[in-house]
Amino acid sequence: MPQVDYLIIGGGIAGTTCAETLRSKDISATIAILDAEKQSLYSKVLIPAYLKGKAAREKLFLRNISQYQSQNIDLYSETVVAAVDTVKKEVLTHDNKQFAYKKLLIASGGIPKKINEIFSSTTPIEPLVMRNIEDMDAIKAVIDGRMQNGNSSRGGQQEKVLVVGESFIALEFLEIFSMRGFEVHMLARGKYWGGEEKFGDEGGRIMEDNFIRHGAVIHRNAEINFIKNDDFYLKNGEHIKMPIWALGIGLMRNFSFLPDAVKNTGLLCDEYLRTSEPDIFAAGDAAEYFDISLQRRVVAGNWTNAFLQGRCAAINMLSADGAAQAFKAVPTYTLVNLGINLTFLGMIGCDTADDTFELSDENRLMRVFLEKGKATGAVLINRFNDKITLSKLIENGHGREELEKLFKQSIGE
């Protein structure tokens, strides 16, 4: 049985960053990564860019086996963890490998939710999802298969696709298919796509006006009630036929291998990314950590946060008691979608927000969420330059007075 000082479950950006940080600070430690994927570290944030023709396939791949070997990090690919014995400090995999560890990081990420866990379905048509390289290749194959004649029309009719969900991935699907000439149908659960609590009326208008300019069809108050073959029956009474559909509704996390750990959406961690189990840490999508600015636990598993958490977890795995480093970062996600620049900071439209500060003009929006007078999150539309200032305001717990002082006069700039 291999015995290692530091064992990492998950070879994504959080796990790999943790391993490399450990190695940079401890040249003699034994380090191993157990990764369920076949391919070593690649950029999941570049998958949409590849599908849009904006990035070459080879640019996605960030590490190869020799790079792990050169750092004396053992990488076990296609290795799925079955159980963790927290008393013996041992890990068992599905192919009956065993590993003993001194300290363990859970960076196992998540997978797209299964459709039968969301709504009733008898469709033989599996939805397209966008989580890994295999998903990416499947999406490209479907698009290429529909583009045999160099466009997305067959028999004079435009190809159609239904995008289900109101997430970042749903926005990426919208742009990918729009760029290839498909008629994209979007489901909005409420009055606007993305939800009124996130964008508000003005933000919803800006987003949807842009969708419509790019040929998207929006179905309002529309959740799926039932699917049969390629027939989609919506709760608002609509019935639409879609030969292709794509799912962007978030992740599910599997911690069945760690039954005794305290968990909610993710593994509950303190501000040092330590779980309830001795010598076990978590990072990335797996971690639900205590945010010292917001004074509550949050999940923020985007690429940047996963990188920062992987590094912080490594420092704390190395640290003696009393020398740990609290993880502190305002979750940030930025993308350009059909020409609109979107930035999300902190906690967006969260249930605990009791007030909002909003500025808008023609096609720009700043919508800040406040809780007990303090800014906790923000949505920016075409106001990218305000990201750093707002991030600092959120991190330092500033409120409406500071927001008005800094931004009230900026709307006419």
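Rule-based calculations on the coordinates, nothing more; no lab input. Keep in mind that this is a model prediction, so the values were computed, not measured. Here Cβ is always computed from backbone atoms with ideal geometry, including for glycine, and neighbour counts include all displayed protein chains.
Average 1/r across all pairs of distinct alpha carbons in segment 115-247, invert it, and you get the Kirkwood radius: 15.3 Å. Tell me the angle of helix 196-213 to the major Cα principal axis of the chain, expressed in degrees between 0 and 90 and rounded to the nearest ten. Around 60 degrees separate the two axes. Short to long, the 10 Å bins of the Cα pair-distance histogram for segment 337-413 hold 20, 57, 22, 1 percent of all pairs. Which angle between 0 and 90 degrees, to the nearest 10, do you get for helix 13-25 versus the longest principal axis of the chain when only C-alpha atoms count? Relative to the chain, helix 13-25 is tipped by roughly 30 degrees.
Computing FRET efficiency as 1/(1 + (r/R0)^6) for D95 and E134, where r is the C-beta to C-beta distance and R0 is 22 Å, gives about 0.65. Computed from Cα positions, the angle between helix 303-318 and the longest principal axis of the chain comes to roughly 10 degrees.
Per-residue packing, averaged as other Cβ atoms within 10 Å, sorts the ranges 5-11, 246-252, 359-365 into the order 5-11, 246-252, 359-365, beginning with the highest.
The rule of thumb for compact globular proteins, 2.2 N^0.38 Å, goes into the C-alpha radius of gyration of the chain 1.04 times.
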